[in-house]
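Here the structure is laid out as structure tokens; the discussion comes afterwards.
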Amino acid sequence: MLKQFTEDNVNLYEFVSNKTYNKNQSSLTRYNFVSGSLDETLTRNYQFARINLYLSGSEYSQETKKYNSYPTPGNGLNKDNMFFDKFYTSGSVISIPQNEFGDRIKPGTFTLTDNSTATEITIVDDLNGNLYAPNAPSSSNPNLSLSSSANYIGNIFYELGVFTIVETGSYDGTNNYSEVTSGNYNINYKGVHNLSTYEYVCTALPNELNQTQNMSIFKANSAGKLKDNLTGSLFPTYVTEVGLYDDAEDLIGIARLSKPIPKSRKIPMRFFVRMDYWYIY
């Protein structure tokens, strides 16, 4: 009842899916950092952010060419229009679990809403990995747009699912950016998932797969005797499902038909089975 696939029987289709996520502080991890703090945890967090996110010597930068041009913290702009001139001695790093964003966060879809104070603060990304507050009543440089290098307040690393708040100034003269994500807040974004779909073309020739594995064909308590209406040589068999097996003949998937289909003994029959594969993080 088994038949081997050939290369011509298997097709691969790859596509990208975007999924919308809405998370709050309970499902995220926040790491405060302070350079030179007597608290070792704050100091370690600072070194983590500095080495792994903002310096070109990080292990991550070796895998992603984009991050090989990061300048020294507090000094300038990299080639992909991400600003780093406000990464100095304190801030926070917030991590999103990878199973909550997939392969990367889609640029231009990130919004953070912090409502832990009387003034609601909204922060968005600018498609280039910079975060800014579009409704801020005050800014570091009022002569420039709120999304300019002078007014950005942090970064988002799309492939890592990590964002930082590094601005320590005031949002409105009362609430400081350093307090953002310290209380209740929500983030909305789209996660990008790369999916692969394998299509298996299952062909049954007229002289193949004409036996049934349905035990209802046997008489009850009759030691394997067929029912009287099934003793003819041409009694029809029906296809109800298609099973996929690995090289060890272990069943790895079943495709069930919406209704049984008579197996033809005159013409070839083809069943197209599709299976989606994605990386489990």
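The values are calculated or read from the model by the stated rules, or taken from the named source; none is laboratory data. All of these numbers come straight from a predicted model, not from anything done at the bench. Here the Cβ is made from the backbone with ideal geometry for all residues, glycine too, and neighbour counts use every protein chain on show.
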Yes/no for residue 109 being crowded, with 17+ Cβ neighbours inside 10 Å, in the same structural domain as residue 32 (by TED's automatic domain parsing), at pLDDT 85 or above and not in a loop (DSSP other than H, G, I, E, B):
no
For the stretch 27-45, give me each residue that is assigned to a loop (DSSP other than H, G, I, E, B) and either of a type in the set (Lys, Arg) or surrounded by fewer than 15 Cβ atoms within 10 Å (Cβ to Cβ) (or both).
36, 38, 39
Which pairs do you get when a residue that is in the same structural domain as residue 271 (by TED's automatic domain parsing) and at positive phi, found in the stretch 6-27, comes within reach of a residue that is part of a strand (DSSP E or B) and modelled with pLDDT under 95, reach meaning Cβ atoms under 7 angstrom, with the pair 6+ apart or on two chains?
none
Please verify whether the stretch 185-196 includes one or more residues that are at pLDDT 85 or above, among the hydroxyl-bearing types (Ser, Thr, Tyr) and under 17 Å from residue 119 (Cα atoms).
yes
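Do the conditions hold for residue 55, that is, is it within 19 Å of residue 160 (Cβ to Cβ) and at pLDDT 85 or above? Write out each step before concluding.
Numbers: within 19 Å of residue 160 (Cβ to Cβ): yes; at pLDDT 85 or above: no.
No, not satisfied.
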Pairs where the first residue, in the stretch 165-181, is closer than 14 Å to residue 88 by Cα and the second is part of a loop (DSSP other than H, G, I, E, B) and of a type in the set (S, T, N, Q), C-beta under 7 Å, 6+ apart
165/181; 169/140; 178/168
